[in-house]
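One structure below.
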Ligand SMILES: Nc1ncnc2c1ncn2[C@@H]1O[C@H](COP(=O)(O)OP(=O)(O)OP(=O)(O)O)[C@@H](O)[C@H]1O
């Protein structure tokens with residue numbers, strides 16, 4: 001099957017000025033180096049990596065904001081920088097940290113304006129707006145100016161704006177950043193539904209392991225600008241097994257907790273961090289039996305840890 005996104009030896013260098021004002025030197029930074037991958041129609045792919053790994057730079061090349069320094073990229077068969085306007089009608093883009101909505105206008109007006117931006121026929125626009133209003137539950141705040149929306153509401157508005165022209169591909173940069181658990185779940189379920197019902201191909205960056213676990217059948221990990229892993233989640237955990245952590249708040253500071261199936265890795269006053277090696281329920285029961293505990297929480301490894309382990313293990 002033809003790939004929806006195709007990158008071959010993709011690279012991007014930035015030139016940065018360094019040093020004191022009168023003795024500035026220019027240095028080249030390779031943000032992305034020799035990255036190759038293909039994404040098939042209908043895939044949901046997580047593009048992961050630590051801060052500064054090159055994720056946003058790659059996304060910007062895919063959507064045509066940045067020209068590659070080396071290699072080539074095609075999205076729906078188009079070269080993004082050259083065919084930026086045509087490509088814009090086939091892809092939707094949401095950057096979690098920024099909004100494409102008009103800050104001072106009611107959400108409804110922003111969504112109406114996208115019709116002109118993408119030249120969507122009026123009837124199609126109205127039908128999709130009705131659908132998106134329903135599934136994203138936008139009705140209660142359609143009349144609210146964007147600046148007054150909560151982060152979760154704004155994200156739902158941004159998703160609607162990115163999808164009103166029914167793009168084949170959705171590119172998301174940190175779509176759940178800063179959201180509470182309920183909003184995160186709503187966004188994830190919406191994306192799964194969009195993918196299942198419309199076959200929309202989704203490429204997303206995230207630091208949230210919950211996003212990855214719920215959404216991504218495939219993950220690509222980039223670090224230092226290079227693609228370090230491309231495969232399914234089981235494969236990622238196999239190359240970088242990350243233990244879950246038990247955070248225990250004791251009633252008072254104490255010596256490091258010693259129980260079978262866990263290893264105490266950090267102690268700060270009454271709080272201790274235990275890396276789980278065995279069955280969590282058994283470890284929790286043992287800690288509760290042996291120590292005076294004020295609170296216990298189980299923390300899943302975040303994607304940052306999983307990614308760092310790939311390199312630590314090398
Ligand atoms: N406009 C720019 N000029 C110079 N260097 C840049 C520019 N944009 C990014 N870089 C550098 O390129 C590298 C990759 O940055 P990029 O923003 O792509 O990383 P990222 O994986 O998206 O990180 P984060 O998770 O923090 O958003 C970093 O070293 C960054 O400092």
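The values are calculated or read from the model by the stated rules, or taken from the named source; none is laboratory data. On a predicted model such as this, the values are computed, not experimentally measured, just so you know. Every residue, glycine among them, receives a Cβ derived from its backbone with ideal geometry; neighbour counts consider all protein chains shown.
Check the stretch 82-89 and report whether any residue there is part of a loop (DSSP other than H, G, I, E, B), closer than 17 Å to residue 162 by Cα and out of contact with any strand residue (DSSP E or B) (no Cβ under 8 Å at 6 or more places or on another chain). Among the residues of the stretch 82-89, at least one is part of a loop (DSSP other than H, G, I, E, B), closer than 17 Å to residue 162 by Cα and out of contact with any strand residue (DSSP E or B) (no Cβ under 8 Å at 6 or more places or on another chain), which makes the answer yes. Quick check on my filter: what residues within the stretch 52-81 are surrounded by fewer than 20 Cβ atoms within 10 Å (Cβ to Cβ), part of a strand (DSSP E or B) and within 16 Å of the ligand (Cβ to nearest atom)? Listed by number, the residues that qualify are 70, 71. Of the residues making up the stretch 10-51, those that are assigned to a loop (DSSP other than H, G, I, E, B), more than 14 Å from the ligand (Cβ to nearest atom) and closer than 25 Å to residue 62 by Cα are 40, 41, 42, 43.
Somewhere in the stretch 98-105, is a residue within 30 Å of residue 36 (Cβ to Cβ) and not in a helix (DSSP H, G or I)? Even if it seems obvious, please write down each step before you answer.
Step one: filter the stretch 98-105 for residues within 30 Å of residue 36 (Cβ to Cβ), giving 98, 100.
From the residues that got through so far, the ones that are not in a helix (DSSP H, G or I) too are 98, 100.
Checked against the condition, which is being within 30 Å of residue 36 (Cβ to Cβ) and not in a helix (DSSP H, G or I), the stretch 98-105 yields at least one hit.
Among residues of the stretch 6-22 that are farther than 30 Å from residue 76 by Cβ, those with a Cβ under 6 angstrom from a residue that is within 16 Å of the ligand (Cβ to nearest atom) and part of a strand (DSSP E or B), sequence gap 6+ or separate chain, pair up as 15/26; 15/28; 16/27; 16/29; 17/26; 18/25; 18/27; 19/25. Within the stretch 176-205, restricting attention to residues that are within 16 Å of the ligand (Cβ to nearest atom) and modelled with pLDDT under 90, the residue that is surrounded by the fewest Cβ atoms within 10 Å (Cβ to Cβ) is 178. Please determine whether any residue of the stretch 207-216 is out of contact with any helix residue (DSSP H, G or I) (no Cβ under 7 Å at 6 or more places or on another chain), within 16 Å of the ligand (Cβ to nearest atom), closer than 29 Å to residue 187 by Cα and outside any loop (DSSP other than H, G, I, E, B). No: zero hits.
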